[in-house]
Amino acid sequence: MRVHRLNRAMAVAALAATAIVVSAPAAGAHPRLVSADPKPSTVARGPLDHVTVHFDEAVQWQYSKIDIEDTKGHSLLNGRPQVANREAILPLVPGASGPLRVSWRLVGVDAHPVIGAYAFGISGGAATGGAADLDTAIRRMAGSLGEGRIGSGGLNWAIRGGRSLEIILLYLVLGILMLRVFVLKEERVPAPGPGAATVAALESDQGYRMRRTLGITAAVAMPLLFFLYVARLDSAVGNVALGKVIFSSLGETWTIKTVLWVGIAAAAIYGLRPRGPGGVPLVASPGRARQHDLLLLSLACAAAIAFGFNTHANGLSPGLLWTPMMFGHLMVTAFWAGGLVPLLLVVFPTGDPGRIWPAVSRYSNIMTVTVGLIVVSGLVMLFRLLSGNIKGMWCSDFGVVAGFKMAVVGIAIVIGFINNRVVAYQKRAIEAPVNKFRPRRERSIASLRRLIVVEALILGSAVLLSGALGETQLPSVFKGHFFPVDLQENVRPGLFGSGCQ
């Protein structure tokens, strides 16, 4: 009865954690300019008393800076900007004219600061010259613009490494749990008896030990990664008090993620506690183990939702469409990339062909369907993030990293297809009553294991690229059809020398 009461309490806690994560403020990716008045690379008729800019997501204005400058770098602000959520109204000094530049250092709600700017002109006054001269001056100013990064190279690489670690830990935990819930659920139960119960507990015991280690590692890593984000934030605007950030919306998401990982570690530790004669763990009972796995999966899903709040896709609108798509993409990718690890570390070590082939076969059958969802959802979100501007694929770091990630996933799909064929052939060979070409099971299992190792290594590379992609700037050609010059990354020659103009 005590175990059932605790399981019910854990179920309520998991549902509450999911509700908190879902209802928390959406932590978008990197704020980007979507409209401005006057428009970039245009000449407005003077006089003007203000400039208005709109960004695609909420800005943490208390940590951000925005200014209007002339060609000599002198500020032309006439007082404090009026800011609210995604908009800023910048008052201009009377009589401002000529080529001007709006520049900013913005911080989104995920604590990722970015630098950006655009140029425009105001006609009127002796200093402006002719319309052609003003247009030339605007384009000269715009030629040196582009979104930039803030913080030292070492700090940014540390954040990329921490984010990659977070993705790896999340994928492994989700992969282990989904493999147990959806693939190993049909495992045959050994005959009753103390010895059989101990044997049945070995696989579960090993899985819970892995989840305990992963949960503790992530629970320790989340605060450290948050401190790195705060350090980069301080380098962006200076004098940022840690306490102020912790008790803001920036700290809320990281607190939730840390609590969820602590819960995952605690649940795994609880699952290993002796509950029967001879020190048999709680997970020795198949029914209790499955119930416990479902509770852990609820916590891991909540952690996946919280992680999704720190991705580029969360900045897309409408959120009711793109947020579930991102969550689904995370789940099916974790089942693929993370599920291979427990196959290698838990299923294959048994050495029992009667357990290995059915498990791998069920896993392959599920992946045959879900791999299409991974590819389609990934391409759709990438195309949306590029706003349909395919040039961004080779004119920005974001696009180049995304392209390499797609290539790596493509190679993994080929390896997975080969694995699928091997499993299908072995299944037919086992079912055939007489087959002189029937392979030796030991050699086939060894070959299959080598293929899965290769597939896991390739997908691990894609996971590391995902970490880099999450901390890579979106292309400044995000709205290239609207901003013809100002936000082009024309300092980059483009992939394969294709050019980015």
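The values are calculated or read from the model by the stated rules, or taken from the named source; none is laboratory data. None of these values were measured; they are calculated from a predicted model. When we count neighbours, we look across all protein chains shown, and the Cβ atoms used for this are built from the backbone with ideal geometry, even at glycine. The protein model used for the area step is the full one, side chains on, heavy atoms only, and it has no ligands, DNA or RNA in it. Shrake-Rupley method; radii C 1.70, N 1.55, O 1.52, S 1.80 Å.
Data overview
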| item | result |
| --- | --- |
| In sequence order, calculated HN-Hα J values of segment 68-84 (Karplus, 6.51, -1.76, 1.60; Hz; x Gly/Pro) | 10, 10, 8, 5, 8, x, 7, 6, 10, 6, 10, x, 7, x, 8, 10, 6 |
| Residues I418 and F383, FRET efficiency given R0 of 30 Å [Cβ-Cβ distance, rounded to 0.05] | 0.55 |
| Long-range amide H partners of S248 with built H, under 5 Å | none |
| Fully extended contour minus Cα-Cα distance, from K427 to L321, at 0.36 nm per residue | 34.1 nm |
| Built amide H within the under 5 Å cut-off of L100, gap 5+ | F120, G121, I122 |
| Accessible surface, 1.4 Å probe, highest first, among residues I264, I445 | I445, I264 |
| Peptide ranges 170-176, 446-452, 208-214 listed from the most packed, as the mean C-beta count within 10 angstrom indicates | 170-176, 208-214, 446-452 |
| Segment L457-V376, length gained on full extension (0.36 nm per residue, minus Cα span) | 26.9 nm |
| Cβ-Cβ FRET estimate between R209 and Q62, R0 fixed at 45 Å, reported to 0.05 | 0.55 |
| Heavy-atom SASA rank of F404, F335 (probe 1.4 Å, accessible area, largest first) | F404, F335 |
| Of K39/K257; K39/K244; K257/K405, those spanning more than 28 Å from alpha-carbon to alpha-carbon | K39/K257; K39/K244 |
